[in-house]
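The values are calculated or read from the model by the stated rules, or taken from the named source; none is laboratory data. In this text the structure is predicted, and so the values were computed from the model without any measurement. Virtual Cβ from ideal backbone geometry, glycine too; neighbours counted across all protein chains shown.
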Amino acid sequence: MAKTFDLKDGSVVVIIGSGAGGGTLGNELAQKGINVVMLEAGRRYEYGEFINDEWESFDQLAWKDKRIASGEWQVAKDFPNLPAWIVKAVGGTSIHWAGASLRLQEHEFKTLSTYGKLDGANLLDWPITLAELEPYYAKAEDKMGVTRTNGIPGLPGNNNFKVMKAGADKLGYKECSTGRMAINSEPRDGRMACQQTGFCFQGCKWGAKWSTLYAEIPKGEATGHLEVRPQSMVLKINHDAGGKVTGVVYADKDGKLHEQKARIVAVAGNSIESPRLLLNSESSKFPDGLANSSGQVGRNYMRHTTGSVYAAFDKPVHMYRGTTMAGIIRDEARNDSSRGFVGGYEFETISLGIPFMAAFLKPGAWGRSFTSALDDYVNMAGLWIVGEDMAREENRITLHEEEKDEYGLPIADVFFDDHPNDTAMRNHAYKQGTALYEAVGAVRTFPTPPYPSTHNLGTNRMSEKPGDGVVNKHGQSHDIKNLFVSDGSQFTSGGAENPTLTIVSLAIRQADYIAKEMAAKNI
Amino acid sequence: MVTVNDGKPGLSRRELLKGGGIGALLVISGSAVISPEHAWGLETSALKPETVATLIQMARDIYPHDQLADKYYAIAVKAHDEKAGKDQAYKELVEKGVADLDAKAGGGGYINQSWEDQRVAVLEQIEATPFFQAVRGGLVVGLYNQKAVWPVFGYEGESYSKGGYIDRGFDDIEWL
């Protein structure tokens, strides 16, 4: 039985969210003997309860509370109320992620100095460097059991990977492998090895893929310093007259409101809910929302330049068998503006089952051009494009002017326009991805538009100067010393890499800082 | 309520001949759409059976898969009959939508345009209407989320209970 804490106990650290950022921070603090109350909006499932069925699983895990997608991006047209595909459950989107664990590259911490000032972008260098984060990357890779680090072997390649690898070889790409994945290739950390089941996006029913749900949170609970409260939706962060935060108001599963007192509050609700909560916590002292003296809360929303290329061959592939993200090509991840854009992108294998392929291959399409593609399902291979998108001030989370949630609070409006650099990068990636599959005999290729965002980043960004962003190099808000941000919304730029490893590394680093500052009585 | 029966429809040849013929494959009998050849029937409660028969044809024309029997399209559109039973405005949307489709198709209505191209040309005229979008949108889940159609596409579905694919062909590609 894990420890419980009193609502009036103002000595605890309250963490809002239990995903890669919040779940890791909670365990790290608990390991140091710091008392933590973790409030999670979703339910708590165990991994045996996950469902190998795309729509049923979506119904079980997805964050389905209404949001509005606006702007010129394709997702706003295809999925006007589902801008993001993320999870509402203990473990957060670390249940859904595919496991790719790549470090950001050095230049990606210095986008403004490397790419220069781009029109229509709001680039900024991170206040930390790769060198500063490297020790924490190493800790995160060990904690998560990332393959091809710490002597852990790579995963075996499935059919989808083999097609990608053959194409990569034909195009002359040199950096194609089964990747660095936080999926056990052999038993480790009390968790078993990958059974090549597929359904990585639906939660790993073996627990072979790292998730805070079973790899971090139970360890924190075992210390007696961590209490997780599922179905606890935080509505507001309270503060005192001096401007320090004092606790949070949350609704329990019956909609009943409680206030949990806190010494420190860490916000880790993903890049849509985190800024929404800060904005919804406005007060007479902070009329524009908490931690928002810069006006940057909610701005610089990034979601990676994405898209997919599926290809049909004249023989079977069975791409859905085995790990969903079974291979990575890194050759295009470099910064090389001779391609017509700055930054770079990764290719990563992807697959969808028939139900999601019908929904995502070409949303809205009908007729034989579309259905004959599905008829070739068994002969299909697929890859996903994940590239660096450019931060823009206009791309932002705002509070919707009319629509309210069940608690009467404004819902999130997620506005996004592609920067011309994003569009140029995506077109380049479509061309390369198509060439890759044609090189191994694809009979048809299908450039597929972006899915609802899984990599939501940047809306409470780190900055050296308080005027340029929301938090400092430790994720501590510039305005309020005992208010932290602990998720991907801290990212100053997105890089070309899947963000989870960096989120976890930042959380480990932040835990050290919080413990030090608490001990020094600075917060 | 709509019921989908997989058993024999129990129609005599004479009843069959008496029933209103719709296209070559489906028969209207009372409040049901019946496929004598494939032994299934779909009983309608809110929508006219002729309307449902048209929806079935329309469903096939929107997402044509020659290897899928009409039964799956019938299952995919039955939700419209259920919804029409609870929502008068929706019932009107569908009935008027089909009437409009028939009017635009001319001679003999939509279902009697014998080539797919002819029917698709009519659908293209109504593509932007709420009626068309309701039918198309419903099919994305209604058709492709039927577990019975997955094997037709070669999709194997759930794999955890079989131990995943680690010993069942995750890397069995031979033609590369």
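Name the single residue that is surrounded by the fewest Cβ atoms within 10 Å (Cβ to Cβ) among those in the stretch A:266-300 being acidic (Asp, Glu) and either assigned to a loop (DSSP other than H, G, I, E, B) or in contact with a strand residue (DSSP E or B) (Cβ under 6 Å, 6 or more places away or on another chain) (or both). Selected residue: A:Asp288. Within the set A:Ala311, A:Ala365, A:Ala326, the sole residue that is surrounded by fewer than 24 Cβ atoms within 10 Å (Cβ to Cβ) and modelled with pLDDT of 95 or more turns out to be A:Ala365. Checking B:Lys78 against (1) more than 8 Å from chain A (Cβ to nearest Cβ); (2) closer than 20 Å to A:Lys362 by Cα; (3) in contact (Cβ under 8 Å) with a residue 40 or more places away in the chain; (4) not aromatic (Phe, Trp, Tyr), which test does it fail? Result: B:Lys78 passes all but (2). Restricted to the stretch B:117-140, and to residues there that are among the aliphatic types (A, V, I, L, M) and under 15 Å from B:Pro64 (Cα atoms), the residue that is surrounded by the most Cβ atoms within 10 Å (Cβ to Cβ) is B:Val135.
Screening A:Lys516 on (1) in contact with an Asp or Glu (Cβ under 8 Å, 6 or more places away or on another chain); (2) of a type outside the set (A, V, I, L, M, F, W, C); (3) surrounded by fewer than 18 Cβ atoms within 10 Å (Cβ to Cβ) shows it passes everything except condition (1). Can you confirm whether the stretch A:224-232 contains a residue that is of a type outside the set (Gly, Ala, Ser), more than 14 Å from every other protein chain (Cβ to nearest Cβ) and without any contact (Cβ under 8 Å) to a residue 24 or more places away in the chain? Looking through the stretch A:224-232, none of the residues is of a type outside the set (Gly, Ala, Ser), more than 14 Å from every other protein chain (Cβ to nearest Cβ) and without any contact (Cβ under 8 Å) to a residue 24 or more places away in the chain.
Just one of the listed residues (A:Gly387, A:Gly343) is modelled with pLDDT of 95 or more, crowded, with 24+ Cβ neighbours inside 10 Å, at positive phi and more than 14 Å from chain B (Cβ to nearest Cβ), and it is A:Gly343.
Give the residue, chosen from A:Ala333, A:Ala381, A:Ala359, that is surrounded by fewer than 24 Cβ atoms within 10 Å (Cβ to Cβ) and either within 11 Å of chain B (Cβ to nearest Cβ) or not small (Gly, Ala, Ser) (or both). Only one candidate qualifies: A:Ala359. For A:Lys236, state whether it is part of a loop (DSSP other than H, G, I, E, B), farther than 30 Å from B:Gly169 by Cα and touching a residue at least 12 places away in the same chain (Cβ under 8 Å). Taking the combined requirement at face value, the residue does not satisfy it. Pairs linking a residue in the stretch A:376-395 that is polar (S, T, N, Q) to a residue that is assigned to a loop (DSSP other than H, G, I, E, B) and surrounded by 24 or more Cβ atoms within 10 Å (Cβ to Cβ), with Cβ atoms under 7 Å and 6 or more positions apart or on different chains, are A:Asn379/A:Val317; A:Asn395/A:Asn300; A:Asn395/A:Tyr301; A:Asn395/A:Phe416. The single residue among B:Ile111, B:Ile173 that is in contact with a strand residue (DSSP E or B) (Cβ under 6 Å, 6 or more places away or on another chain) and crowded, with 18+ Cβ neighbours inside 10 Å turns out to be B:Ile111. Of the residues A:Asp487, A:Asp418, A:Asp512, A:Asp422, the single one that is more than 30 Å from A:Ile329 (Cβ to Cβ) and either more than 19 Å from the chain's Cα centre (by Cα) or away from chain B (no Cβ under 14 Å) (or both) is A:Asp512.
Applying the selection to the stretch A:491-523, what residues are of a type outside the set (A, V, I, L, M, F, W, C), assigned to a helix (DSSP H, G or I) and farther than 22 Å from A:Thr305 by Cα?
If the condition is that a residue be of a type outside the set (A, V, I, L, M, F, W, C), assigned to a helix (DSSP H, G or I) and farther than 22 Å from A:Thr305 by Cα, then A:Ser505, A:Arg509, A:Gln510, A:Asp512, A:Tyr513, A:Lys516, A:Glu517 are the ones that fit.
Restricting attention to the stretch A:201-217, and to residues there that are part of a helix (DSSP H, G or I) and within 17 Å of the chain's Cα centre (by Cα), which single residue is farthest from the other protein chains (Cβ to nearest Cβ)?
Out of the qualifying residues, it is A:Thr212.
Flag: A:Gly198 does not match the condition of being surrounded by fewer than 22 Cβ atoms within 10 Å (Cβ to Cβ), on the phi > 0 side of the Ramachandran plot and in a loop (DSSP other than H, G, I, E, B). Can you name the residue in the stretch A:37-54 that is part of a loop (DSSP other than H, G, I, E, B) and not small (Gly, Ala, Ser) and is also surrounded by the fewest Cβ atoms within 10 Å (Cβ to Cβ) among such residues? The residue in question is A:Glu46.
Output yes when any residue across the stretch A:168-191 is of a type in the set (Phe, Trp, Tyr) and either within 13 Å of chain B (Cβ to nearest Cβ) or in contact with a Gly (Cβ under 8 Å, 6 or more places away or on another chain) (or both), and no when none is. No, the stretch A:168-191 has no match at all. Screening the stretch B:86-176 for helices (runs of 4 or more DSSP H) wholly inside it with 1 or more residues that are of a type in the set (S, T, N, Q) and either under 16 Å from the mean Cα position of the chain (by Cα) or within 12 Å of another protein chain (Cβ to nearest Cβ) (or both) returns the ranges B:130-142.
On the stretch given as the stretch B:97-138, residues that are over 15 Å from B:His80 (Cβ atoms) and of a type in the set (Ser, Thr, Tyr) total 2.
Of the residues A:Ser351, A:Ser369, the single one that is more than 9 Å from every other protein chain (Cβ to nearest Cβ) and without any contact (Cβ under 8 Å) to a residue 40 or more places away in the chain is A:Ser369. Taken together, the criteria place A:Gly488 among residues that are touching a residue at least 24 places away in the same chain (Cβ under 8 Å) and at negative phi. If you go through the stretch A:491-517 and keep only what is on the phi > 0 side of the Ramachandran plot and touching a Ser or Thr at 6+ places or on another chain (Cβ under 7 Å), you end up with nothing. Can you pull out the residues in the stretch A:239-265 that are outside any strand (DSSP E or B) and either modelled with pLDDT under 95 or closer than 29 Å to A:Glu46 by Cα (or both)? Listed by number, the residues that qualify are A:Asp252, A:Lys253, A:Asp254, A:Gly255, A:Lys256, A:Ala262.
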